[in-house]
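Comments concern the structure below.
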Amino acid sequence: MPRILGLLALWLVVALIAVFGDWDVMYHLAYGLLLLGLAAYAWAQVNVRHTFFRRQPRALRSQVGMPFDERLELENRSWLPKTWIEIVDRSTLPGHSISRALALGPRGRRLATVRSVCRQRGRFRLGPVDLVSGDPLGLFQAWRRVAGEQTVIVYPAIVDLPAFGSLPGELTGGAVQGERVHFTTPNASSIRDYQPGDAYSRIHWRSTARTGRLMVKEFELDPFSDLWLVLDLDREVQAGRGPESTEEYAVTAAAALANHFLNQHRAVGLITQGQLLAPDRGPRQLNKVLELLAVVRATSSTSLDELLISEDGRFSRRSSVVVITATTEEQWVRQCRSLVNRGVSASAVLLEAGTFGGAPGSIFLVAALAAASIPTYLVKRGESLAVALSRPSTFAPHPVR
């Protein structure tokens, strides 16, 4: 802008001298300055209007600690060189930007790969992208939007757990219930003759070959009970900031537990303040859990005690509940004791808020959980989750079923 004003002031001075002094040289100079300004403006516009840009992210899903890659392509489709052109990226993905300034020759083309490491979970905006350029004299600047917005979701990191909540030699989930069902479960109990309407996928081919007639498998009710992860995101009980906060540790613990139990073919559900994911199995359920955990935040004022009371009806006999919390309050322990009395298996993953700063110790809560025979896993700041969740810190006579 200052250069444009300077050129305009110079042109006015030259034009006034030419008019009042009737100097031919000044007339020519005034026309020359006017043409120079118009040419500079046209040059800046051509730079941004005859340039092709494309960004290609390798994937729009990533995880904390994993790389995020993009392939960039910038092409000059005019015969004019672009001495200066700037890519302005307005993405919100932390630590990732493709903004840069470069030059392109006539019909020139640039390819580049940008890689960054995802450091924060969440849903982020990728783009929009503007191209900014100008003329060689720096008089004018022009911009054009060349790419819109895309959504990138960064999942929390997944920690592989060697074990959680079972005693050596015990079958996770309890005994087979002995109830025949018409649908397929992991527990095949017997075989019988094929009947019209039976699915071909249930045919037991080895028995069919041995007997000479079609035989199908019968299934019993899955002995693995539903497992509920209760993630406490009450904002009043959180401590620490950023990655070193109880909120992030709790979310990472929930992701690790969901991955651990889903790999054991358990039906896993997730409950938190304002969010509910019904129990299910398989990789699709893990994706759903990670999608939810990527965006949840500790913004609720609902206490853990209130959350457990409101969702009490979802926990049936033989189901398991794992509570993940940073609270130091003890009221919710009574609700867990009530669940245990109904035949629900309860465990607690307790984030030691005192190690994250600005929070009281949890020794009385640990004692209350021990008195209620609820296995408790203590997680401290800087401690490995795989180690902290591999063995309960307090003994209880029953494992997670």
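The values are calculated or read from the model by the stated rules, or taken from the named source; none is laboratory data. In this text the structure is predicted, and so the values were computed from the model without any measurement. All Cβ positions, glycine included, derive from the backbone under ideal geometry; neighbour counts span all protein chains shown.
Residue by residue, here is whether (1) in contact (Cβ under 8 Å) with a residue 40 or more places away in the chain; (2) surrounded by fewer than 20 Cβ atoms within 10 Å (Cβ to Cβ); (3) of a type in the set (S, T, N, Q); (4) more than 30 Å from Arg318 (Cα to Cα) holds:
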residue	(1), (2), (3), (4)
Trp228	yes, no, no, no
Arg241	no, yes, no, yes
Val251	yes, no, no, no
Ala254	yes, no, no, no
Leu257	yes, no, no, no
Gln264	yes, yes, yes, no
Condition check for Arg107: under 18 Å from the mean Cα position of the chain (by Cα) and of a type in the set (Lys, Arg)
no
For Phe53, indicate whether it is of a type in the set (Phe, Trp, Tyr) and modelled with pLDDT of 80 or more.
yes
Test set (1) over 30 Å from Tyr249 (Cβ atoms); (2) under 26 Å from the mean Cα position of the chain (by Cα); (3) not aliphatic (A, V, I, L, M) - His50 fails condition number:
(2)
Cβ pairs under 8 Å, 6+ apart, first in the stretch 280-291 and among the basic types (Lys, Arg), second part of a helix (DSSP H, G or I):
Arg281/Leu262
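Applying the selection to the stretch 111-164, what residues are charged (D, E, K, R) and in a loop (DSSP other than H, G, I, E, B)? Write out each step before concluding.
Looking only at the stretch 111-164, we keep the residues that are charged (D, E, K, R), and these are 115, 119, 121, 123, 125, 130, 135, 144-145, 149, 160.
Once the filter is applied, which keeps residues that are charged (D, E, K, R) and in a loop (DSSP other than H, G, I, E, B), the stretch 111-164 yields Arg119, Arg121, Asp135, Glu149, Asp160.
Only one residue in Ser300, Ser347 is in the same structural domain as Val251 (by TED's automatic domain parsing) and touching a Lys or Arg at 6+ places or on another chain (Cβ under 9 Å). Which one?
Details: Ser347 fails: touching a Lys or Arg at 6+ places or on another chain (Cβ under 9 Å).
The conditions single out Ser300.
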Subset tally (residues that are surrounded by fewer than 19 Cβ atoms within 10 Å (Cβ to Cβ), outside any strand (DSSP E or B) and not hydrophobic (A, V, I, L, M, F, W, C)) for the stretch 78-110
12
Any residue that is in contact with an Asp or Glu (Cβ under 9 Å, 6 or more places away or on another chain) and more than 30 Å from Ala157 (Cβ to Cβ) - is there at least one of those in the stretch 60-81?
no
Only unsatisfied item for Leu93, checking (1) over 22 Å from Ala44 (Cβ atoms); (2) touching a residue at least 24 places away in the same chain (Cβ under 8 Å); (3) touching a Pro at 6+ places or on another chain (Cβ under 9 Å), is (3)
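Scan the stretch 53-73 and give yes if some residue there is among the hydroxyl-bearing types (Ser, Thr, Tyr), in a strand (DSSP E or B) and either over 20 Å from the mean Cα position of the chain (by Cα) or surrounded by fewer than 16 Cβ atoms within 10 Å (Cβ to Cβ) (or both), otherwise no.
From the stretch 53-73, those among the hydroxyl-bearing types (Ser, Thr, Tyr) are 62; that's our starting set.
Next, only the ones that are in a strand (DSSP E or B) stay: 62.
Then drop every residue that is not either over 20 Å from the mean Cα position of the chain (by Cα) or surrounded by fewer than 16 Cβ atoms within 10 Å (Cβ to Cβ) (or both), which leaves none.
Checking the stretch 53-73: not a single residue is among the hydroxyl-bearing types (Ser, Thr, Tyr), in a strand (DSSP E or B) and either over 20 Å from the mean Cα position of the chain (by Cα) or surrounded by fewer than 16 Cβ atoms within 10 Å (Cβ to Cβ) (or both).
Do you know which of the residues in the stretch 123-161 that are aromatic (Phe, Trp, Tyr) and in contact (Cβ under 8 Å) with a residue 40 or more places away in the chain is surrounded by the most Cβ atoms within 10 Å (Cβ to Cβ)?
So the residue we want is Tyr155.
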